[in-house]
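Colleague: Sharing a structure below in structure tokens format, with a few things to ask.
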Amino acid sequence: MDNSVLLKVNLLKKTFVKKTGTLLKRKKTDVFAVNNVNFEIRKGEILGIIGESGCGKTTTARMVMRLMKETSGEVWFDGVDLCNLKESETNKIRKKMQMIFQDPYDTLNPGMRVVDILMEPLNAHEKNLEYQEKVKLVKEAIESIELKPAEDYMYRYPHQLSGGQRQRIAIARAVILKPSFIAADEPTSMLDVSVRAGILNLLLELRKKMGLTMMFITHDLSTASYMCDRIAVMYQGRIVEIGPTQKIIHAPSHPYTKALVSVVKDLNYFIKNRERLIFDGEVDATREAVGCPFVTRCPHQESVCHSKSPKIESLGNSHEVACHCHEDLLERTS
Amino acid sequence: MSTVLSVENLSTFFKTDKGIAKAVENVSFSVDEGEMLGLIGESGCGKTTVAQSILRLIEYPGKVVAGSVYLNGKNLLKATDSDLTGLRWREISVIPQSAMNALNPVYTVGDQIIEAILLHDNVNKKEAVERTKKLLELVGIDGERWKSYPHEFSGGMKQRVAIAMALACNPKLVISDESTTGLDVLTQAQVISLIKNLQKKMNLSVILISHDLPMVTSICDRIAIMYAGNLVEWASTEEILKNAEHPYSKALLNATPDLSNPEREVTSIPGSVPNLVNIPTCCRFHTRCPYAFDRCRQETPEFKEIKPGHYVACFLEEEQNG
Ligand SMILES: Nc1ncnc2c1ncn2[C@@H]1O[C@H](COP(=O)(O)OP(=O)(O)OP(=O)(O)O)[C@@H](O)[C@H]1O
Ligand SMILES: Nc1ncnc2c1ncn2[C@@H]1O[C@H](COP(=O)(O)OP(=O)(O)OP(=O)(O)O)[C@@H](O)[C@H]1O
Ligand code: SF4
Ligand code: SF4
Ligand SMILES: [Mg+2]
Ligand SMILES: [Mg+2]
């Protein structure tokens, strides 16, 4: 493996069983939450993951972080095969890999004060530090997420904080050990622009100083464009387009990416195709589609889209897309 | 148009070991029938506290210390517990900031919605199940998944379940606390057009708590802007966009990132939110306001109507005009 690559994900797959049907006639169907996903993140790089609710972003992150076992596939971190590690070895790697969870209400222990929450990782992994030094680190961490003065917040319990304040504590907990990799799942969704800017700049600063590498899940395209070097677009468990941020946001090639971007950038395109794009009912991820998974909503489809699943192909300059019609699309839109 | 909810001089404080945190002070606004009001402001400025005060969900060490909240003429702050049980869900319901606050992890989402329906509406189990499936489909979730547990859903799906649940008993007023925050733009557009439709069909009133200014300006009729526990401006969306008066509102409008210009560094409003514990009498924005003068550090500006329907709390106009 190229040693500038920190994380490599190979044909990663996760299927869940979903129960449907009536009480007497129970049916079980598979949900293909993550379906043969491949990507690499280089050291110091921030890869954004965007895509619709339920498309498999969190599931991918949980497998990468070893919080969930994959159905099949591989996860390599710094040359180590994470899927075949002993538990003791996984614990050692935990210090280097941190996750910021999607719902801060779900993940901060309600019985612990802020200071204890932030002290916990230090106690586990920085045993040599003096107590006073740890307190100093905790205070610095709290002020770095714009909760000042730290003394006013560190003795509170999570329920004494607002939603955005909790989300920031979750970020402080992830960065306090100065990890080399962070998987951030919608880390700033509850923050307003002015606070968010400070937090995003803090993460960028960590990257500059220590080469922090990130997998950054977000639904907010302006945040993605500010933070990420590359963006992967997921749809129904697959990556349908991946490439440099500027390409994804300003010259998207896949019809689904175009749809996502148009809501914020090109309202005319969005309004024109609105009926199709805003989908009634859940995206059906229960069958392995014969054709393209996006065909039920795609404004650009051709007959081949119904019979053949498109493979991901390179457009050059590390921009890849899985769509039968991308060349025509490029012509049509240029 | 008739007023559904009217909040008058509401103040809610929290006791902390350092003193009294004045999380919400002297807040007044109202919501009309069929109106969508956007309540926006920085993280920690008191939006959730306002919502919880309206619904009487504030718990010790917090307390509503002053004000009144009228829902269709009835003062909620004086209502008995049994009055409240009758009002919640059917008259007024809330979609909490975290879906996990609405959902119980040990029951299937269907059972939770069904229970709420059976408790508040006079229908049988079968009808409740049918309604539950329909509600789930409304928010873009396969109705057959009513038998799934919360942990079997993605983050955004849980949020959508919470939205479905809040609508279960056809309330007149819904308070949505950041309920579309974690959703991608397409799903968000879908959920919002759903709420908009219901609003028109059932004359539903909505308070949309959010920090997402572009979203709020694109769908709300009126906007109320909070800063550090106070309401600083309240007017129609158009008026806010064209003639925002309060220096904080203006800063907020200018701080919104611009996708077409990604090179521009995102700038925050300089300084940070003041600590609300033992906050002295002053304009709470004075530490960050480019126009602050002596009076702003000593007195609290009154929240008053500067033109019909446009309320502002700032000394600036007075100062300039006299
Ligand atoms: N139980 C409590 N004790 C002390 N302070 C509290 C308590 N609950 C909330 N606060 C404080 O009150 C203020 C208002 O909190 P609130 O949750 O209303 O903010 P918010 O506007 O909803 O913010 P966000 O957008 O981050 O959710 C915050 O500064 C918070 O720290
Ligand atoms: N434990 C589970 N059991 C069954 N199904 C699950 C489980 N966890 C996730 N799923 C399903 O897998 C799919 C992908 O979920 P995931 O949480 O990865 O989505 P996501 O992309 O993070 O979405 P969101 O933006 O809404 O958080 C969804 O259809 C979800 O219902
Ligand atoms: S392969 Fe066909 S259906 Fe799929 S995205 Fe491309 S044009 Fe649309
Ligand atoms: S009252 Fe003074 S400090 Fe407050 S917003 Fe107006 S000018 Fe600024
Ligand atoms: Mg998720
Ligand atoms: Mg809140």
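The values are calculated or read from the model by the stated rules, or taken from the named source; none is laboratory data. Everything numeric here is computed off the predicted structure, so don't read it as measured data. Cβ coordinates were reconstructed from backbone atoms using ideal geometry, including for glycine residues, and neighbour counts include every protein chain displayed. Each accessible area value is taken on the protein alone, full model and side chains, heavy atoms only, with ligands, DNA and RNA left out. Shrake-Rupley method; radii C 1.70, N 1.55, O 1.52, S 1.80 Å.
Colleague: Please enumerate the residues belonging to region B:136-159 that are outside any helix (DSSP H, G or I), open to solvent by 30 Å² or more (accessible area, probe 1.4 Å) and either more than 7 Å from chain A (Cβ to nearest Cβ) or among the acidic types (D, E) (or both).
Modeller: B:D142, B:Y149
Colleague: Name, by its number, the condition in (1) touching a helix residue (DSSP H, G or I) at 6+ places or on another chain (Cβ under 7 Å); (2) of a type outside the set (G, A, S); (3) more than 22 Å from A:M227 (Cα to Cα) that does not hold for A:T71.
Modeller: (1)
Colleague: Right, another one. In region B:288-299, what residues are under 17 Å from B:E245 (Cβ atoms), under 29 Å from the mean Cα position of the chain (by Cα) and part of a loop (DSSP other than H, G, I, E, B)?
Modeller: Scanning region B:288-299 gives B:R288, B:C289, B:P290, B:Y291, B:A292.
Colleague: A further question follows. Given the conditions (1) touching a residue at least 60 places away in the same chain (Cβ under 8 Å); (2) more than 30 Å from A:V31 (Cα to Cα); (3) within 12 Å of another protein chain (Cβ to nearest Cβ), which single one is not true for A:G164?
Modeller: That leaves (1) as the condition not met.
Colleague: Could you please give the count of residues in region B:179-217 that are outside any loop (DSSP other than H, G, I, E, B) and touching a residue at least 12 places away in the same chain (Cβ under 8 Å)?
Modeller: Looking only at that region, the number is 23.
Colleague: For B:K242, all conditions in the list (1) more than 14 Å from the chain's Cα centre (by Cα); (2) away from chain A (no Cβ under 14 Å); (3) within 16 Å of ligand 1 (Cβ to nearest atom) hold save one; what is the number of the exception?
Modeller: Of (1) more than 14 Å from the chain's Cα centre (by Cα); (2) away from chain A (no Cβ under 14 Å); (3) within 16 Å of ligand 1 (Cβ to nearest atom), only one is false for B:K242: (3).
Colleague: In region B:30-52, which residue that is closer than 19 Å to B:R88 by Cβ and within 14 Å of chain A (Cβ to nearest Cβ) is nearest to ligand 5 (Cβ to nearest atom)?
Modeller: The residue in question is B:T48.
Colleague: Further, regarding this structure: Across region B:174-213, what is the number of residues that are away from chain A (no Cβ under 14 Å) and touching an Asp or Glu at 6+ places or on another chain (Cβ under 7 Å)?
Modeller: Here the count works out to 2.
Colleague: Scan region B:1-20 residue by residue and report those that are open to solvent by less than 10 Å² (accessible area, probe 1.4 Å) and within 14 Å of chain A (Cβ to nearest Cβ).
Modeller: B:T12
Colleague: Search region A:45-92 for residues being surrounded by fewer than 17 Cβ atoms within 10 Å (Cβ to Cβ) and either touching a residue at least 24 places away in the same chain (Cβ under 8 Å) or not assigned by TED's automatic domain parsing to the domain that holds A:Q246 (or both), and hand back the single one that is nearest to ligand 2 (Cβ to nearest atom).
Modeller: A:M68
Colleague: Return the pairs, sorted by first residue and then second, in which the second residue is within 16 Å of ligand 6 (Cβ to nearest atom), the first residue lies in region A:189-217 and is of a type in the set (D, E), the beta carbons are less than 7 Å apart, and the residues are 6+ apart or on different chains.
Modeller: Pairs that qualify, where the first residue is of a type in the set (D, E) and the partner is within 16 Å of ligand 6 (Cβ to nearest atom), are A:D192/B:E42; A:D192/B:S43; A:D192/B:H211.
Colleague: Continuing with this model, one more query. Check every one of the helices (runs of 4 or more DSSP H) wholly within region A:106-185 and list those with 1 or more residues that are more than 16 Å from ligand 3 (Cβ to nearest atom), among the charged types (D, E, K, R) and open to solvent by less than 50 Å² (accessible area, probe 1.4 Å).
Modeller: Helices (runs of 4 or more DSSP H) meeting the threshold: A:131-144, A:151-154, A:163-175.
Colleague: Is one or more of the residues making up region A:131-154 within 14 Å of another protein chain (Cβ to nearest Cβ) and of a type in the set (S, T, N, Q)?
Modeller: yes
Colleague: Also, quick follow-up: For the subset of region A:51-94 comprising residues that are part of a helix (DSSP H, G or I) and among the hydroxyl-bearing types (S, T, Y), which member is farthest from ligand 5 (Cβ to nearest atom)?
Modeller: Per the stated criteria, the residue is A:S88.
Colleague: Now, a different point. Mind checking which pairs have a first residue in region A:238-259 that is over 17 Å from A:P293 (Cβ atoms) and open to solvent by 10 Å² or more (accessible area, probe 1.4 Å) and a second that is of a type in the set (S, T, Y) and modelled with pLDDT of 90 or more, Cβ under 9 Å, 6 or more apart or different chains?
Modeller: A:P244/A:S318; A:K247/A:S253; A:K247/A:S318
Colleague: Still on this structure, please answer the following. Name the residue, out of B:L231, B:L208, B:L213, that is within 30 Å of B:N275 (Cα to Cα), in contact with a strand residue (DSSP E or B) (Cβ under 7 Å, 6 or more places away or on another chain), of a type in the set (A, V, I, L, M) and within 16 Å of ligand 4 (Cβ to nearest atom).
Modeller: Result of the check over B:L231, B:L208, B:L213: B:L231.
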